[in-house]
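All remarks here apply to the structure that follows.
The values are calculated or read from the model by the stated rules, or taken from the named source; none is laboratory data. Note that the structure is a prediction, hence the values are computed from the model and not measured. Here the Cβ positions follow ideal geometry from the backbone for every residue, glycine too, while neighbour counts run over all protein chains shown. What goes into the accessible areas is simple: the full protein's heavy atoms, side chains included, and nothing from ligands, DNA or RNA. Shrake-Rupley method; radii C 1.70, N 1.55, O 1.52, S 1.80 Å.
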Amino acid sequence: MTETGTMGLPYDLIIFYLFASIVVCASGMVIVARNPVHAVLFLVLTFFACAGLWILLEAEFLAITLVLVYVGAVMVLFLFVIMMLDINLAVMKEGFVRYLGIGTVIAVAMLGLMTAVLGPEHFGIDQVPAPARHGPDYSNTEALGRVLYTDYVYAFEIAAVILLVAIIAAILLGLRKPRNRKLQDAGTQAMVRKEDRLRIVKMDAEKGGHS
Amino acid sequence: MMAPLQMWLSGWLPEPLPLILIILIKIVAIVLPVLGCVAYLTFAERKIIGYIQMRIGPNRVGPRGWLQPIADALKLLAKEIILPTRASKILYLIGPIVTLGPALAAWAVIPFDDLRVLADINAGLLYILALTSLAVYGILIAGWSSNSKYAFLSCMRASAQTISYEIAMGFALVGVLVAAGSLNLREIVHAQQGGFLNWFWLPLLPLFVIYFISGVAETNRAPFDVAEGESEIVAGFHVEYSGMAFALFFLAEYANMILISTLTSIMFLGGWYSPFQGMGPLDEMTAWVPGMVWLILKTAFFLFLFLWFRATFPRYRYDQIMRLGWKIFIPITIVWILVIGGMVVFEIPPWFDA
């Protein structure tokens, strides 16, 4: 699958390792970074490099959507919230030693679980064949659309309904009843005319000397 | 024009280098004119707003003030860049770069005419949408890392506003996608062939208006410039910046204005096509005009609108901005996507009967 230039350099491998190392370093920094805002920014970098990897797999629609949705919208909201938090790092580090034991147990259990599920016997390079290369006319967007609206149309629509329900629920949770609040009605504000609130008084100019 | 140069280069350079060099030359050939336009757009802005307000505007540097932008740039270059104490240093310096980067990178997929485009990718529209949504990071990073409450307030406002208007913008682009049947910008222009009335501004009129207004909001320009409301939060996210770091924010803002204007021309006003196409004698008389000139003229019209808005409208109140974006623009775009879907299905002439 590797295309080699005339100099014998496998360009896509070089690009792959570049992006892959960015993904690994940045996701490590997400955990290690002391400042939560820096951690979120490293997560953004991780997503970005992942998008680069997906483009190498000719999944340009998914890659650009990853940047558009996760980097452009979800992570901006994340940052929005985290920047407003007043985080005291000293308080957060309290009890680090106390919880170290149980924390280690959970971490090791998670590691074991992930190795079992994502190990090489399921996702190894010999298990998953390399994707076939397509010509320049191939459109990933079109291919995805065709599958999504034919074979997987029910799953797609069910997901859409679940998202709609989630939106309605979120709006309802955020909605506060107008207590004693003075609400502006933008419609009537826009309909207002000069005659409704302005009275022009005609007065004769006063005569006489300067006061 | 590039083919002989590439032939000549590959004569004496090893293989990948000629291609990379050609791409670099093309990038420079796009970025330099864009930055030149940015410089003279600031001049045009000061002159035009000056005349609208019955002033003369800058007229001291060079003949009729024509060297003013160069004087401004030199002044900003010579200034010291101040780092505020307790600012997050690296992020503070990355902020302006992150703002300018996407603003210039988006130009990669813009077709200047049928042949002149740097990267003719099939998901061009998505790429543009993704990159314009990245611009807010520069503002967020700059506002947060400055360690200043005014800058911070401004970056909060900017991010909320950008996200809100991005949705309306995205829906407007979905309308264009449905109408043209392609995500490739060149194909979108091809779909509008055939003169003034065949362009997408007519069947997509609400989306056209909404896209441009959202573009004004996305670039944080008046009347949506709450991110830099001088009367409330001093200057906004760039209040702590000085010198060239400050100038980069303005480069990005004006480059984004030109980008939005160009995109509006490409998607709704037929890109490089002449407005007189298929109009007999008028078409023949203007046949010598290169396509790029039409695109530049259309872009200049929208840029003038940006300046005109700024001189005409008072700044929106924050809750009004949110209301306009969420309660008016998004419902209209959703309804119009359904209308456009119907028009495409029933092949309404003269746009969708191909």
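Listed values, structure above:
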quantity	calculated
Solvent exposure, largest accessible area first (probe 1.4 Å, DNA, RNA and ligands not counted), of B:Lys26, B:Lys79	B:Lys79, B:Lys26
A:Ile171/A:Asp204 FRET efficiency (R0 56 Å; Cβ-Cβ; nearest 0.05)	0.40
Residue among A:Leu163, A:Leu148, A:Leu85 with the largest mean-square fluctuation in a Gaussian network model of chain A, springs linking Cα atoms under 10 Å	A:Leu163
Span-rule helices in chain B, defined as complete DSSP H runs reaching 20 Å or more along the axis (Cα) with Kyte mean at least -1.0	B:16-52, B:89-105, B:124-145, B:149-180, B:243-268, B:291-312, B:330-345
Chain B - charge dipole about Cα centre, Lys and Arg +1 at Cβ, Asp and Glu -1, debye rounded to 20	1160
Relative contact order (%) - chain A, alpha-carbon pairs under 8 angstrom, separation at least six	14
Structure-based [θ]222 nm, chain A - -39500 (n - 2.57) summed over DSSP H runs of at least 4, per residue, nearest 500	-18500 deg cm²/dmol
Per-residue [θ]222 nm for chain B (sum of -39500 (n - 2.57) over DSSP H runs n ≥ 4, rounded to 500)	-21500 deg cm²/dmol
Backbone HN-Hα couplings from phi across the stretch B:272-282 [Karplus 6.51/-1.76/1.60, Hz, Gly and Pro as x]	8, 6, 6, x, 9, 4, x, 10, x, x, 4
Reachable aspartates and glutamates from B:Lys298, criterion Cα separation under 19 angstrom, eight or more residues apart if same chain	B:Glu45, B:Asp113, B:Asp114, B:Glu187, B:Asp283
A:Val32-A:Gln184 pseudo-label distance in nm [points 7 Å out on the Cα-to-Cβ vector]	5.0
Computed FRET value (nearest 0.05) for B:Glu230 with A:Tyr149, which takes r as the C-beta separation and R₀ as 35 Å	0.10
Helix runs (DSSP H) in chain A reaching 27 Å along axis by Cα, Kyte-Doolittle at least 0.0	A:11-32, A:36-56, A:153-174
Span from the the stretch B:331-354 Cα centroid across to the the stretch B:253-315 one, whole angstrom	24
Most mobile of A:Val30, A:Val108, A:Val76 in a GNM of chain A (Cα contacts under 10 Å)	A:Val108
Percentage relative contact order, chain B, counting C-alpha pairs under 8 Å, at least six apart	21
Chymotrypsin sites (Phe, Trp or Tyr not before Pro) within the stretch B:14-83: DSSP coil, no more than 15 neighbouring Cβ in 10 Å	B:Trp66
Rounded if a/c under 1.5, otherwise prolate or oblate - the stretch B:53-138, Cα gyration tensor axes	oblate
Gyration tensor (alpha-carbon) shape descriptor, the stretch B:1-101, a/c threshold 1.5	oblate
Carbon plus sulfur fraction of accessible area for the stretch A:53-211, probe 1.4 Å, in percent	67
